[in-house]
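Here's the structure we're looking at; comments come further down.
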Amino acid sequence: MTIHRQMDDELKRLRALIVRMSDLVDEQLADAINAVSNGDLELANRVRKRDDEVDALELEVDAQCERLLALHTPVAVDLRFIITVVKLNTDLERVGDQAKNIAKTMAYLAGSTRLVKETRIQEMADIARTILHEAQDAFIKQNRVLARQVLAHDKQVDSLHKETFRTIVRLVEEQPEQAEALAHLVTVSKAIERVADHAKNIAEAVVFYVEGQDIRHRKLQTASK
């Protein structure tokens with residue numbers, strides 16, 4: 001087997017690992033949101049237990065990246081691919097952490113699912129999952145246009161998070177006996193908002209991978225010119 005063929009095989013393995021990581025994290029997020037929406041404590045507990053799987057896969061992806069860098073000294077697009085995977089791996093693991101955080105709130109929200117329905121948390125979650133899927137698809141398809149669309153959609157989640165916070169403040173005033181449960185709904189809303197931020201980070205990494213252009217912190221880049 002030639003060195004080039006060996007590196008190609010290693011890159012394919014890395015791609016398969018990060019896609020598996022992406023699928024697992026998406027499943028965790030969906031389960032966490034469903035657990036809160038439906039008051040499913042058993043499902044929430046399953047999300048918390050599976051977080052170890054996400055962490056283990058994160059370490060496996062990192063190890064494969066280190067192996068490629070150490071053995072093959074990749075350049076150009078292959079190097080950008082590995083750098084992108086390192087970034088995706090971090091953001092996906094953090095999405096997994098947010099899913100776990102959402103699941104943890106079930107200990108305080110059991111029996112309070114009606115409060116969830118009085119906010120726009122479910123709508124927020126649907127949009128956050130959609131843009132996460134778009135970011136994931138952009139990476140798999142190497143689609144820079146789709147990646148750039150994610151950057152615009154992130155603002156929708158920010159707006160809904162602010163609206164949800166205002167709604168929760170109002171509900172606390174109207175139903176002070178539900179203050180503890182409502183406080184944990186703030187945690188859920190913030191976690192979903194953070195998921196959208198991580199989707200945005202993934203999209204920015206995809207643009208770097210496809211175009212070779214770092215579009216983070218554009219204001220700072222413009223000011224330095």
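Using beta carbons and a limit of 8 Å, which pairs, at least six apart or on different chains, have the first residue in the range 181-200 and of a type outside the set (Asp, Glu) and the second one outside any helix (DSSP H, G or I)?
Qualifying pairs under 8 Å: 181/112; 182/175; 184/105; 185/105; 185/119; 187/105; 188/105; 189/119.
How about the range 36-51: which of its residues are small (Gly, Ala, Ser), on the phi < 0 side of the Ramachandran plot and either under 16 Å from the mean Cα position of the chain (by Cα) or modelled with pLDDT under 95 (or both)?
Answer for the range 36-51, where residues must be small (Gly, Ala, Ser), on the phi < 0 side of the Ramachandran plot and either under 16 Å from the mean Cα position of the chain (by Cα) or modelled with pLDDT under 95 (or both): just 37.
Checking residue 36 against (1) touching a residue at least 60 places away in the same chain (Cβ under 8 Å); (2) part of a helix (DSSP H, G or I); (3) under 23 Å from residue 210 (Cβ atoms), which test does it fail?
(3)
Does any residue of the range 132-141 turn out to be surrounded by fewer than 14 Cβ atoms within 10 Å (Cβ to Cβ), of a type outside the set (Ser, Thr, Tyr), assigned to a helix (DSSP H, G or I) and without any contact (Cβ under 8 Å) to a residue 60 or more places away in the chain?
yes
Looking only at the range 147-171, filter to residues that are crowded, with 18+ Cβ neighbours inside 10 Å and of a type in the set (A, V, I, L, M, F, W, C); which one of those is nearest to residue 119 (Cα to Cα)?
Within the range 147-171, the match that is nearest to residue 119 (Cα to Cα) is 168.
The values are calculated or read from the model by the stated rules, or taken from the named source; none is laboratory data. In this text the structure is predicted, and so the values were computed from the model without any measurement. Cβ atoms come from the backbone with ideal geometry, glycine included; neighbour counts cover every protein chain shown.
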